[in-house]
Amino acid sequence: MRRKPKRARARGWFAALAPRSRTRTWLALFTTPVRARLRSLSWPLRWAVIALGGVLAALLALHLWYFVHIVWWNWFDPSMTRFMDQQLASLREKNPAAKLTQRWVPYARISPHLLRAVLAGEDARFADHEGVDWEAIERAWDQNRKRGKVVRGGSTITMQLAKNLFLSGERSYLRKGQELMITYMLEAVMSKRRILEIYLNVAEWGVGVFGCEAAALRYHGVPAAQLQPWQAARVAAMLPRPRFFDLNRNAPGLARRAAFIERHMFGVQLP
């Protein structure tokens, strides 16, 4: 039997393997081993691998959606957050006509006293950390373990903003993982000033009250730019329990916390 020349054999071999288009060639190159491995698995294990791939793809798409919003909000102010939407829905269960009170103000029109007071009360190392203050988390963990209950949180302002913008109030390891991912996205895309500006404009400050401008007008009758140190300290002291302090403005805990903040606020570094 006469053999074909080597060049003719090579052309025939490549022609047999080559798909009809260059795109299909590359797809076959990457997907053929995967499909071969999947076919070698049992049906239950095969479906488990496919399901896991679907979950990972969904998580990737979700975090891409978060990232796109963060990039957009670096230049444009968010009109509504996930937390605000939840609170509005809760208020409308009792009163269908309920509305939120909020008025956006830029960073330059927020009193430096309020900026320092909020940092002193919520995140004194805000200008230094990269979104997560691991030392504060460790201190909070030790203190809560000694007391046998949660008496202190370790969330930074960036972590609180991540939760307010995108997440529900559910407590789970998955939600905490999402919070950390969003926190690092915020720190990577936005400046510290922009993070603080958004936080102060979307933070809850009472029943249906959001943002420092609405809080300053509600509790002291002046815009956020005109808050005096003692007023700023009192407004900042409300942040951990804003609805409670809105309804209990003479609570001893509020006065103690405000005094503590006023003593320490001038030692805080602004971004």
**Request:** Could you tell me whether Val55 is open to solvent by less than 90 Å² (accessible area, probe 1.4 Å), in a helix (DSSP H, G or I) and at pLDDT below 95?
**Result:** yes
**Request:** Just give me the residues in the range 120-172 being modelled with pLDDT of 90 or more, closer than 19 Å to Met238 by Cα and either in a helix (DSSP H, G or I) or open to solvent by 20 Å² or more (accessible area, probe 1.4 Å) (or both), in sequence order.
**Result:** Ala120, Gly121, Glu122, Ala124, Ile157, Thr158, Met159, Gln160, Leu161, Lys163, Asn164
**Request:** Output the helices (runs of 4 or more DSSP H) that fall wholly within the range 181-271 and possess 1 or more residues being over 21 Å from the mean Cα position of the chain (by Cα) and among the basic types (Lys, Arg), or say none.
**Result:** 212-220, 229-237, 242-247, 252-264
**Prompt:** So, in the range 86-113, of the ones that are among the hydrophobic types (A, V, I, L, M, F, W, C) and surrounded by 13 or more Cβ atoms within 10 Å (Cβ to Cβ), which residue ends up nearest to Gln226 (Cα to Cα)?
**Reply:** Ile110
**Request:** Any residue in the range 90-119 that's in contact (Cβ under 8 Å) with a residue 24 or more places away in the chain: show its pairings with residues that are surrounded by fewer than 18 Cβ atoms within 10 Å (Cβ to Cβ) and not hydrophobic (A, V, I, L, M, F, W, C) at Cβ separation under 6 Å, as long as the two are six or more apart or on different chains.
**Result:** Ala98/Arg92; Trp104/Asp77; Tyr107/Arg193; His113/Pro229
**Message:** Test of understanding: among Leu217, Leu247, which residue is open to solvent by 10 Å² or more (accessible area, probe 1.4 Å), under 20 Å from Val105 (Cβ atoms) and of a type outside the set (D, E, K, R)?
**Reply:** Leu217
**Complete:** Checked pairs for the range 250-271, first within 30 Å of Met190 (Cα to Cα), second of a type in the set (D, E, K, R) and surrounded by 13 or more Cβ atoms within 10 Å (Cβ to Cβ), C-beta under 8 Å and 6 or more apart or across chains, list as Ala258/Arg234; Met265/Arg116; Phe266/Arg116; Val268/Arg116; Leu270/Arg116; Pro271/Lys192; Pro271/Arg193
**Complete set of residues in the range 72-85 that are open to solvent by 60 Å² or more (accessible area, probe 1.4 Å) and part of a helix (DSSP H, G or I)** = Trp72, Arg82, Asp85
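The values are calculated or read from the model by the stated rules, or taken from the named source; none is laboratory data. Given the structure is predicted, the values throughout are model-derived calculations rather than measurements. Because the Cβ atoms are built from the backbone with ideal geometry, glycine has one as well, and the counts that use them run over all protein chains shown. Protein only, heavy atoms only, side chains kept; ligands, DNA and RNA dropped before computing areas. Shrake-Rupley method; radii C 1.70, N 1.55, O 1.52, S 1.80 Å.
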